[in-house]
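Contents: one structure, followed by commentary.
The values are calculated or read from the model by the stated rules, or taken from the named source; none is laboratory data. As the structure is a prediction and not an experimental result, all values here were calculated from the model. Every residue, glycine as well, gets a Cβ built from its backbone with ideal geometry; the counts of neighbours run over all protein chains shown. What goes into the accessible areas is simple: the full protein's heavy atoms, side chains included, and nothing from ligands, DNA or RNA. Shrake-Rupley method; radii C 1.70, N 1.55, O 1.52, S 1.80 Å.
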Amino acid sequence: MTVTWEELGWERLAAGVGRYRLPGWDCTAGLVLGEGAALVVDAGSGLAEGARLRAWARELAGGGVTHLALTHPHFDHVFGAAAFADAEVYGAVGVDAVFTYERAELRRDAVRHGLPAPDADEAADALAVPRHLVSGEWTLDLGGGRQALLANVGPGHTAHDLAVLVPGEQEVVFCGDLVEESGDPQAGPDAVPSRWPAALDRLLALGGEDALYVPGHGAVVDAAFVRRQRDELAARFGVS
């Protein structure tokens, strides 16, 4: 029997496209199904959470997860990545340096935000540099006419922000934390505030007016919401 998105607690966004709101930090994980291939967008905050996402994705796909895209290098989005050992992993150029040289800070940030120290240690030790680094755009062919476009649209929320566009009758854009709905956008020490509004301009150009925009945290939004958040960020940081 084929399991449905809803039976596993996922939100179906379009044919073969869905997302899950993970508990704790209300972080989004996405899933795009092709023919004999499946793309997961973001991996959760630890190895156990990543393993749950992988298991759910396998049920929905009827096979293994072949691709993993990491939208940005924050623990709640990447610390589950090692659970996808058989997948081809993608990230924006520069994520490799963060994973190589700033692993200890990622671990400290996770513990500061409430991840148990043993879980943070395990995830940080297992974190591997993505094999594929995206500098512009990269189209994935997932089979059966399904494609996903990975776009390096940052910097903004971080210096290494990747968005994922899924074309179709209903286009879907996974935004990472460039867009947040359940709270104000978070600008930490690795943010690039002066360039964040321009990153959202690129995001809107990517998806257009009719796409569904999936924030890194919170409910799915439309282009008008993204545009308002872009203008609020521009005012907040004193840029145009």
Subject >> Charge context of D96, other residues only, Cβ under 13 angstrom, K/R +1, D/E -1 >> reply: +1
**OP:** Could you pull out the GluC sites (Glu not before Pro) across region 133-240 that fall in loop regions by DSSP (anything but H, G, I, E, B) with no more than 15 other Cβ atoms inside 10 Å?
**Re:** E169, E209
**OP:** Could you order T2, T71, T100 by accessible surface area, starting with the largest, using a probe radius of 1.4 Å?
**Re:** T2, T100, T71
**OP:** Please quote Rg/Rh for region 36-130 to two decimal places, taking the Kirkwood radius as Rh and restricting both calculations to Cα atoms.
**Re:** 0.97
Original post:
So what does V192 come to for accessible area, using a 1.4 Å probe and Å² rounded to 10?
Top reply: 40
Original post:
How large is the charge dipole for the chain, taken about the Cα centre, if only the Cβ atoms of Lys, Arg (+1) and Asp, Glu (-1) carry charge, to the nearest 20 debye?
Top reply: 200
Original post:
Which whole-Hz ³J(HN,Hα) couplings does region 133-140 yield from phi under the Karplus relation 6.51 cos²θ - 1.76 cosθ + 1.60, θ = phi - 60°, glycine and proline marked x?
Top reply: 10, 9, 9, x, 10, 9, 9, 9
Original post:
By how many nm would the segment from D184 to R58 lengthen if fully extended, with 0.36 nm per residue of separation less the alpha-carbon distance?
Top reply: 42.0 nm
Subject >> Relative pair counts by distance (%), Cα atoms of the chain, 10 Å bins >> reply: 8, 36, 39, 16, 1, 0
Original post:
What is the list of residues in region 95-130 whose amide nitrogen lies under 13 Å from a point 7 angstrom out from the Cα of R21, following Cα to Cβ?
Top reply: none
Original post:
Within region 188-228, which trypsin sites (Lys or Arg not before Pro) sit in a loop by DSSP and count at most 12 neighbouring Cβ atoms inside 10 Å?
Top reply: none
Original post:
How large is ³J(HN,Hα), in whole Hz, for each residue of region 104-110 in order, when computed from phi with the Karplus curve 6.51 cos²θ - 1.76 cosθ + 1.60 and θ = phi - 60°, using x for Gly and Pro?
Top reply: 5, 5, 4, 5, 5, 5, 4
**OP:** Output ³J(HN,Hα) for region 224-240: one whole-Hz value per residue in order, computed from phi by the Karplus curve 6.51 cos²θ - 1.76 cosθ + 1.60 with θ = phi - 60°, and x for Gly and Pro.
**Re:** 4, 5, 4, 5, 5, 5, 4, 5, 5, 5, 4, 5, 4, 9, x, 10, 9
Subject >> Exposure of V93 as accessible area (Å², to 10), given a probe of 1.4 Å and all protein chains >> reply: 70
**OP:** For T71, list long-range residues whose amide hydrogen, built 1.01 Å from N in the peptide plane, is under 5 Å from its own amide hydrogen.
**Re:** D42
